[in-house]
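Q: Encoded as structure tokens, here's the structure I'll be asking about.
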């Protein structure tokens, strides 16, 4: 009998559990849990009506600034501008409340409203607000900018940067500039001039007169200076150009020394470059203002195209020390280097991402050129483009877009600037007057 | 017998007439042949054509392989005006953005009157039907003499509060007996599993249930919901960091299977900074709202099962690495 007692107890527990808890569970099922793992990747529909002109003199700016905002957002590949003829609601006043239902109907997920006025001192005042249509709420605070009328495009870029940043969570890149080599004339007598323009190809200005071949310009970290290589003396030599004053000075080189492929360090005071003497090319570092060069590599191989990591502690460069052109990383003070490129083909012109997580490069394999990215340790290599000749990648300030040179084949082939998202999508030609090569993206303008 | 002969004769006759008139046995008309219009020319004109030489290059002159280089007078380079054009980089012209006040909320329903009605005078209550103020009736002025009453003494009062009821409560009471000390259970002793299980089961069973519950959602119904949300989950505009962030979003649903917007909340996340979590949550919220505008088409009889939904948005398979 005592043996049966535990059995009876267990049966009783089971009976109670089954008899009482079952209906209880049925009546409080708890939240339904599902997992979403597949989404869509498509441009977000955004409505950017023409801004409201609060003064008669601002009418042109109101229309044009809104157009700049639309072009910036659409050009990023992440947004799709809803055409104005699809609008149901109209923005008649900047401060009037938004009728969200009008914008939901046309599937606008974000709405940008703005106004432009000309102040008594002649300055342009631009206000804007961003709304999350489906949440029926403003997305962040409204902002107001004031600047001279000649800076109206920059104000459009500023608005677009703010919209981009609030929606994507990343900083923008629209209010930035690109320095590049403008090419004109026949291929065998091409005139190359150092040029600067807005990131979207507007406001091109020439910094050199084309009397000497110029190559590979690179912005300083704050965008006030440009390093480049010039053949003004017959030898390639590195120069520093002050963008504000348009004055240039040679970095300084020894007799019969060729210097090229320069790049600023993150502090803006150091420059790394390649130096070639006696048929050997190595990498050196020196202060921009002058000083003794420090040798960072010392091998019989050709080592060039150095690029600092954002923290300034490491340098990625290309070298053919293994027999073919590959990518290596070494300390900013030189020393042993670790090869990071392991795929087929030849790798060159590495550039460290401003975020520090990726390295962009040019790859030549099986007769094709590619722009690609890889992790700093060489893993997860992805080729973003493929053509007859793609080379010279340059990162956008936010590390999301790469601009590079694409040259077409044939005697009439011409170099042009292109940009591509690091996902490999949104390949676009950057408009330039005539040909263009060697782009270098500036940081975001202040 | 002759009837058949007549019928046969008439039938055959009709057939022969139809064949002759209707053309049953005639061949269909062939399509008209292609016709090319030609122009007749004379022999003299033909001789004139033959006299024209064919356009063939017979005298080929080799071109010089490379033209000598010609130095052109290039125009003056379009150098920027140093200070005004490029001073933008030196001196920022756009100062820090000034935050603006939030936009006004949507206006309430329009007022009927353009100006507010004057406040009513004090102690005046609005009435459905206006009434004129009462006026004193002069006829009621006459005073009706009251009946004479006897003199009455004032109500009896006391100098202290005395309860009017009968004095039932005792003036004193004994102290309550102190609680008997219980024997403390031995910490080594385990609770009785039977009684514990019974207590728990009874407690759960007696918990009030919100509403009756139907059968749970089928796998197909859950998949349909998942696909509906996926169609609106756009990760294309998310930052790289946000695409490495998993967020769990809770939402309460109305009986019409539409999400209650105000109930959408973040209940958990994994990976990513606060900003990335916020971006991922916003994208998830947009997906839930957008695709739920027309309702998710869930079976109403199973409402208790989908009244609350927790959705885990995991972009691992979508992210840009």
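The values are calculated or read from the model by the stated rules, or taken from the named source; none is laboratory data. Owing to the predicted nature of the structure, the values given are computational and were not obtained by experimental measurement. Glycine also receives a Cβ, built like all others from the backbone with ideal geometry; neighbour counts cover every protein chain displayed.
Q: Might you check whether a residue that is within 17 Å of residue A:100 (Cβ to Cβ), more than 8 Å from chain B (Cβ to nearest Cβ) and in a strand (DSSP E or B) occurs anywhere in segment A:112-124? Break it down into steps so the answer makes sense when it comes.
A: Taking segment A:112-124 and keeping what is within 17 Å of residue A:100 (Cβ to Cβ), we get A:112-113.
Keeping just the survivors that are more than 8 Å from chain B (Cβ to nearest Cβ) gives A:112-113.
Next, only the ones that are in a strand (DSSP E or B) stay: A:112-113.
So far as segment A:112-124 goes, yes, one or more of its residues are within 17 Å of residue A:100 (Cβ to Cβ), more than 8 Å from chain B (Cβ to nearest Cβ) and in a strand (DSSP E or B).
Q: Could we say that residue B:287 is more than 22 Å from residue A:73 (Cβ to Cβ) and either more than 9 Å from chain A (Cβ to nearest Cβ) or in contact with a helix residue (DSSP H, G or I) (Cβ under 8 Å, 6 or more places away or on another chain) (or both) here? Explain how you work it out, then say what you get.
A: Working: more than 22 Å from residue A:73 (Cβ to Cβ): no; either more than 9 Å from chain A (Cβ to nearest Cβ) or in contact with a helix residue (DSSP H, G or I) (Cβ under 8 Å, 6 or more places away or on another chain) (or both): yes.
In short, no.
Q: Take the residues in segment B:236-272 that are within 7 Å of chain A (Cβ to nearest Cβ), more than 22 Å from residue B:295 (Cα to Cα) and in contact with a strand residue (DSSP E or B) (Cβ under 9 Å, 6 or more places away or on another chain), then tell me which one is surrounded by the fewest Cβ atoms within 10 Å (Cβ to Cβ).
A: B:236
Q: Same structure, new question: Could you check segment A:56-86 and list, in sequence order, the residues that are assigned to a loop (DSSP other than H, G, I, E, B) and surrounded by 15 or more Cβ atoms within 10 Å (Cβ to Cβ)? Reasoning before the result, please.
A: Filtering segment A:56-86 down to residues assigned to a loop (DSSP other than H, G, I, E, B) leaves A:76-78, A:82-83.
Scanning segment A:56-86 gives A:76, A:77, A:78, A:82.
Q: Among the numbered criteria (1) at pLDDT 95 or above; (2) touching a helix residue (DSSP H, G or I) at 6+ places or on another chain (Cβ under 7 Å), which one does residue A:122 miss?
A: (1)
Listed here are the residues, each with its yes/no results for (1) assigned by TED's automatic domain parsing to the domain that holds residue A:331; (2) at pLDDT 95 or above; (3) under 21 Å from residue A:215 (Cα atoms).
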| position | (1), (2), (3) |
| --- | --- |
| A:250 | yes, no, yes |
| A:291 | yes, no, no |
| A:299 | yes, no, no |
| A:306 | yes, yes, yes |
| A:316 | yes, yes, yes |
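Q: With the checklist (1) within 14 Å of chain B (Cβ to nearest Cβ); (2) farther than 28 Å from residue A:41 by Cβ in hand, flag the one item residue A:401 doesn't pass.
A: (2)
Q: Look through A:28, A:101, A:21 and report the one residue that is touching a helix residue (DSSP H, G or I) at 6+ places or on another chain (Cβ under 6 Å), within 11 Å of another protein chain (Cβ to nearest Cβ) and either more than 25 Å from residue A:168 (Cβ to Cβ) or modelled with pLDDT of 95 or more (or both).
A: None of the others qualify; the one that does is A:21.
Q: Within segment A:136-154, take every residue that is at the interface with chain B (Cβ under 7 Å from one of its Cβ atoms) and in a helix (DSSP H, G or I) and give me the one that is farthest from residue A:124 (Cα to Cα).
A: A:154
Q: Further question on the same structure: Given the options A:323, A:356, A:335, name the one that is assigned to a loop (DSSP other than H, G, I, E, B), more than 15 Å from residue A:301 (Cβ to Cβ) and out of contact with any helix residue (DSSP H, G or I) (no Cβ under 6 Å at 6 or more places or on another chain). Don't jump to the end; show me each part of the working.
A: Values: A:323 fails: more than 15 Å from residue A:301 (Cβ to Cβ); A:335 fails: assigned to a loop (DSSP other than H, G, I, E, B).
When all the criteria are applied, what remains is A:356.
Q: Just give me the residues in segment A:359-377 being part of a loop (DSSP other than H, G, I, E, B) and away from chain B (no Cβ under 14 Å), in sequence order. Full working, then the answer.
A: Within segment A:359-377, the first condition is being part of a loop (DSSP other than H, G, I, E, B), and the residues that meet it are A:366-367, A:376-377.
Matches in segment A:359-377: A:366, A:367.
Q: For segment A:196-210, check the following and say yes or no: at least one residue is in contact with a strand residue (DSSP E or B) (Cβ under 7 Å, 6 or more places away or on another chain), facing chain B (nearest Cβ under 10 Å), within 30 Å of residue B:283 (Cβ to Cβ) and crowded, with 22+ Cβ neighbours inside 10 Å.
A: Within segment A:196-210 (the criterion being in contact with a strand residue (DSSP E or B) (Cβ under 7 Å, 6 or more places away or on another chain), facing chain B (nearest Cβ under 10 Å), within 30 Å of residue B:283 (Cβ to Cβ) and crowded, with 22+ Cβ neighbours inside 10 Å), the answer is no, since none of the residues qualifies.
Q: For the condition buried (at least 16 other Cβ atoms within 10 Å of the Cβ), in contact with a helix residue (DSSP H, G or I) (Cβ under 8 Å, 6 or more places away or on another chain) and free of Cβ contacts under 8 Å to residues at least 12 places away in the same chain, what is the one hit in A:89, A:39?
A: From the options A:89, A:39, the qualifying one is A:39.
Q: For segment B:293-304, check the following and say yes or no: at least one residue is under 20 Å from residue B:240 (Cβ atoms), more than 7 Å from chain A (Cβ to nearest Cβ) and surrounded by fewer than 16 Cβ atoms within 10 Å (Cβ to Cβ).
A: Filtering segment B:293-304 down to residues under 20 Å from residue B:240 (Cβ atoms) leaves none.
No, that holds for no residue.
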